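Q: Sharing a structure, written as structure tokens. Questions coming.
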Amino acid sequence: IFLVSCNENNIIYVGTNAEFPPFEYFDKDKIVGFDIDLINEVGNILNKEIKVIHMDFDGLLPALQSKKVDMVIAGMTETEERKENVNFSNSYYEAKQVIIINEDNNYIKSFEDLENKNVGVVLGFTGDALMTEKDNSILKRFSNVYSAVLDLKNGKIEAIVLDSEPAKNIIKNNEGIKVVNTDSLKESYAIAFRKDDENLMLEINNALKKLGENGKYKELIDKYFN
Ligand code: ARG
């Protein structure tokens with residue numbers, strides 16, 4: 001008897017929110033990006049097929065908990081609050097929060113300058129949590145960063161708080177806006193798993209370690225960030 005290898009157990013369902021370039025974004029109708037390449041390399045090592053499913057960012061962890069997906073890779077920051085509900089893999093990227101403003105804006109130079117200003121964040125992102133905690137700006141929550149950028153250009157908001165690499169990527173593809181660097185704390189991106197799924201997490205950690213050793217991780221970093 002020949003066993004056909006392609007059974008359900010050979011597929012790993014991965015949730016993401018493909019509105020976060022260069023980590024994950026749509027190229028026409030295809031989801032691409034650093035996270036997608038990384039998780040496919042992991043799949044190669046584990047000899048599993050990876051199926052990536054796009055959804056709203058704030059739906060990702062609920063989808064994980066209800067077993068619609070087996071894990072989440074979404075440039076997701078490992079936070080204490082999220083760790084109460086899910087496990088995180090070893091971290092694969094370090095980021096921080098920066099501020100995006102219009103090119104002709106010369107008065108916003110740091111987080112302090114956002115006081116009493118109309119500031120855009122994306123619902124459920126760590127930038128949302130950070131600014132909600134500061135509680136001294138007028139926050140507008142967007143469902144994705146692209147609509148925040150439209151409002152910034154139209155002057156409806158004065159700034160957007162977003163992760164550093166997506167911010168760089170977005171100003172590269174939009175005229176008239178720039179990034180203000182900040183001294184915000186470092187955040188670590190990691191893959192999220194259900195708490196009761198420790199074996200999968202260990203397998204993935206091993207695969208990530210191998211990608212570090214065989215040079216693949218470095219290759220992807222060079223491809224997307226240099
Ligand atoms: N790092 C931020 C967070 O964890 C933003 C992640 C957004 N990722 C995405 N794929 N939309 O909240």
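Q: Using θ = phi - 60° and the Karplus relation 6.51 cos²θ - 1.76 cosθ + 1.60, list the HN-Hα couplings for the stretch 191-199 in order, rounded to whole Hz, with x at every Gly or Pro.
A: These are the phi-based 3J(HN,Hα) values: 8, 9, 9, 5, 4, 8, 10, 5, 4 Hz.
Q: Under 5 Å between amide H atoms, partner at least 5 residues away or on a different chain: which partners does Phe23 have, H built in plane at 1.01 Å?
A: HN-HN under 5 Å from Phe23: Phe34.
Q: Further question: Could you tell me the ratio Rg/Rh of the chain? Both radii from Cα atoms, Rh via Kirkwood. Provide the component values of the computation, followed by the final result.
A: Values: Rg = 18.5 Å, Rh = 18.5 Å.
So for the chain, dividing Rg by the Kirkwood Rh gives 1.00.
Q: Can I ask one more? Show the residues, 5+ positions off or on another chain, whose built amide H is closer than 5 Å to the amide H of Glu187.
A: Close amide H contacts, sequence-distant or interchain: Ala95, Lys96.
Q: Taking springs between alpha-carbon atoms closer than 10 angstrom, which of Asn173, Asn47, Asn205 fluctuates most in the Gaussian network model of the chain?
A: Looking only at Asn173, Asn47, Asn205, the largest GNM fluctuation is found for Asn173.
Q: Using Cα atoms only, what is the angle between the long axis of helix 34-46 and the major principal axis of the chain, expressed in degrees (0 to 90) to the nearest 10?
A: In the chain, helix 34-46 runs at an angle near 10 degrees to the longest axis.
Q: Mind grabbing the base-10 log of I(q)/I(0) for the stretch 97-180 at q = 0.25 Å⁻¹? Debye formula, identical points on the C-alpha positions, no solvent, two decimal places.
A: -1.35
Q: Using amide H atoms built 1.01 Å from N in the peptide plane, name the residues 5+ places from Asn118, or on other chains, whose amide H lies under 5 Å from its own.
A: Counting only residues 5 or more places away or on other chains, the set is Ile138, Glu158.
Q: Now, a different point. Can you sort Ser143, Ser89, Ser110, Ser66 by solvent-accessible area, 1.4 Å probe, largest first?
A: Reading off the accessible areas and sorting them downward yields Ser143, Ser66, Ser110, Ser89.
Q: Percent relative contact order of the stretch 97-180, based on C-alpha pairs within less than 8 angstrom and at least six residues apart? Kindly include the intermediate steps, with their values, before the conclusion.
A: Details: 141 pairs, mean separation 38.6, N = 84.
It rounds to 46 percent for the stretch 97-180.
Q: Report the extension gain between Glu103 and Asp27 in nm, rounded to one decimal, defined as 0.36 nm multiplied by the number of residues separating them, less their alpha carbon distance. Numbers along the way, then the final one.
A: Values: separation 76, 0.36 × 76 = 27.36 nm, distance 2.71 nm.
Extra length from Glu103 to Asp27 when fully extended: 24.7 nm.
Q: List the longest stretch of the chain that has no exposed loop site; here a site is one of the GluC sites (Glu not before Pro) assigned by DSSP to anything other than H, G, I, E or B, with at most 13 other Cβ within 10 Å.
A: Looking at the chain, 1-83 is the longest stretch - no exposed GluC sites (Glu not before Pro) with at most 13 other Cβ atoms within 10 Å.
Q: Give me the percent relative contact order of the chain, please, defined on Cα pairs under 8 angstrom at least 6 residues apart.
A: Result for the chain is 27 percent.
Q: Then there's this: In deg cm²/dmol and to the nearest 500, what is the mean residue ellipticity at 222 nm of the chain if only DSSP H runs of at least 4 residues count, each as -39500 (n - 2.57), divided by the residue total?
A: -9500 deg cm²/dmol
Q: Highest GNM mean-square fluctuation, the chain, Cα pairs closer than 10 Å: which of Ile191, Ile50, Ile160?
A: Among Ile191, Ile50, Ile160, the largest GNM mean-square fluctuation belongs to Ile50.
Q: Provide the net charge surrounding Lys195, with neighbours chosen by a C-beta distance below 11 Å and charges set as Lys +1, Arg +1, Asp -1, Glu -1. Intermediate values should be presented prior to the final figure.
A: Numbers: positive: Lys83, Arg194; negative: Glu84, Asp196, Asp197, Glu198.
After counting each charged neighbour, the total is -2.
Q: Give the span of the stretch 78-144's Cα atoms along each principal axis, as three whole-Å numbers ordered largest to smallest.
A: In descending order, the Cα extents are 42, 22, 22 Å.
Q: What accessible area per residue comes out for the chain, rounded to a whole number of Å², with a 1.4 Å probe?
A: Normalised by residue count, the accessible surface of the chain is 53 Å².
Q: Show me, for the stretch 202-210, the HN-Hα J-couplings you get by feeding each phi into the Karplus relation (A = 6.51, B = -1.76, C = 1.60, θ = phi - 60°), rounded to Hz, glycine and proline as x.
A: Whole-Hz 3J(HN,Hα) from phi for the stretch 202-210: 5, 4, 5, 4, 4, 5, 4, 4, 4.
Q: Which of these, Leu123, Leu46, Leu64, has the largest mean-square fluctuation under a Gaussian network model of the chain (Cα springs below 10 Å)?
A: Between Leu123, Leu46, Leu64, it is Leu46 that shows the largest mean-square fluctuation.
Q: Per residue of the stretch 173-178, what does 6.51 cos²θ - 1.76 cosθ + 1.60 with θ = phi - 60° give for ³J(HN,Hα)? Whole Hz please, x for Gly and Pro, Karplus curve as stated.
A: Each residue's phi maps through the Karplus curve to give 9, 9, 6, x, 10, 9 Hz.
Q: Can I ask one more? Take the alpha-carbon centre of the stretch 169-226, take the same for the stretch 46-121, and report the distance between them in whole Å.
A: 11
Q: Another one. Summarise the accessible area of the chain (1.4 Å probe, protein heavy atoms) by the percent that is carbon and sulfur.
A: Carbon and sulfur atoms account for 47 percent of the accessible area of the chain.
Q: Just to confirm a number: summing +1 for Lys and Arg and -1 for Asp and Glu over residues other than Gly15 whose beta-carbon lies under 12 angstrom from that of Gly15, what do you get?
A: -1
The values are calculated or read from the model by the stated rules, or taken from the named source; none is laboratory data. Note that the structure is a prediction, hence the values are computed from the model and not measured. When we count neighbours, we look across all protein chains shown, and the Cβ atoms used for this are built from the backbone with ideal geometry, even at glycine. Ligands, DNA and RNA are stripped out before the accessible areas are found, and what is left, the full protein with its side chains, is counted by its heavy atoms. Shrake-Rupley method; radii C 1.70, N 1.55, O 1.52, S 1.80 Å.
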